[in-house]
Amino acid sequence: MEKQTTLKPEKLETFRKLLTEKINELLVEAGKTVSEMTSGKENFPDPNDRATLESERNFELRIRDRERKLIAKMQEAIKRIDEGTFGICDSCGGPISEKRLMARPVTTECIDCKTKQEKLEKLKGE
């Protein structure tokens with residue numbers, strides 16, 4: 001049987017609002033990036049300038065890819081809010097502290113389980 005969240009409905013709504021606002025901010029930034037990259041205003045005859053532009057674009061695209069993955073995690077967190085499982089650790093089934101959720105609302109593990117996981121990964125050399 002899956003455990004249900006112990007968070008109050010108003011707290012869940014606070015997290016939903018926080019996640020939704022952050023998703024919207026990231027989507028606006030992604031839109032700006034696409035707009036800037038497709039504007040075609042850049043015409044640098046100097047190879048060094050072109051290389052710099054390409055390097056900057058590459059960096060920007062890596063950032064946007066990380067943000068895309070974060071958006072997916074945020075959408076999953078909203079789904080957990082809807083299902084009533086937000087704030088429940090995937091590993092031990094215990095509650096995730098509100099403090100941890102405020103710091104990282106997409107988390108799926110309590111601090112103890114996450115610490116254990118990171119120690120194991122460190123031992124394995126991952």
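The values are calculated or read from the model by the stated rules, or taken from the named source; none is laboratory data. Please read these numbers as outputs of a predicted model, since none were measured by experiment. As a convention, Cβ positions derive from the backbone with ideal geometry for all residues, glycine included, and neighbour counts pool all protein chains shown.
For the reader, a short list of remarks on this structure follows.
- In segment 94-126, the residue that is modelled with the lowest pLDDT out of those that are out of contact with any helix residue (DSSP H, G or I) (no Cβ under 9 Å at 6 or more places or on another chain) and in a loop (DSSP other than H, G, I, E, B) is Gly125.
- Remark: Lys79 falls outside the filter, which requires a residue to be surrounded by 11 or more Cβ atoms within 10 Å (Cβ to Cβ), charged (D, E, K, R) and in contact (Cβ under 8 Å) with a residue 24 or more places away in the chain.
- Of the numbered criteria (1) closer than 21 Å to Ile23 by Cβ; (2) small (Gly, Ala, Ser); (3) touching a helix residue (DSSP H, G or I) at 6+ places or on another chain (Cβ under 8 Å), the one Ser91 fails is (1).
- Here is the figure for segment 13-42: residues that are on the phi > 0 side of the Ramachandran plot and either touching a residue at least 60 places away in the same chain (Cβ under 8 Å) or assigned to a helix (DSSP H, G or I) (or both) total 0.
- Of everything in segment 43-86 that is in a loop (DSSP other than H, G, I, E, B) and in contact with a helix residue (DSSP H, G or I) (Cβ under 6 Å, 6 or more places away or on another chain), the residue that is farthest from Cys113 (Cα to Cα) is Phe44.
- Residue ID - modelled with the highest pLDDT, chosen from residues in segment 5-64 that are among the polar types (S, T, N, Q) and over 30 Å from Val106 (Cα atoms): Ser55
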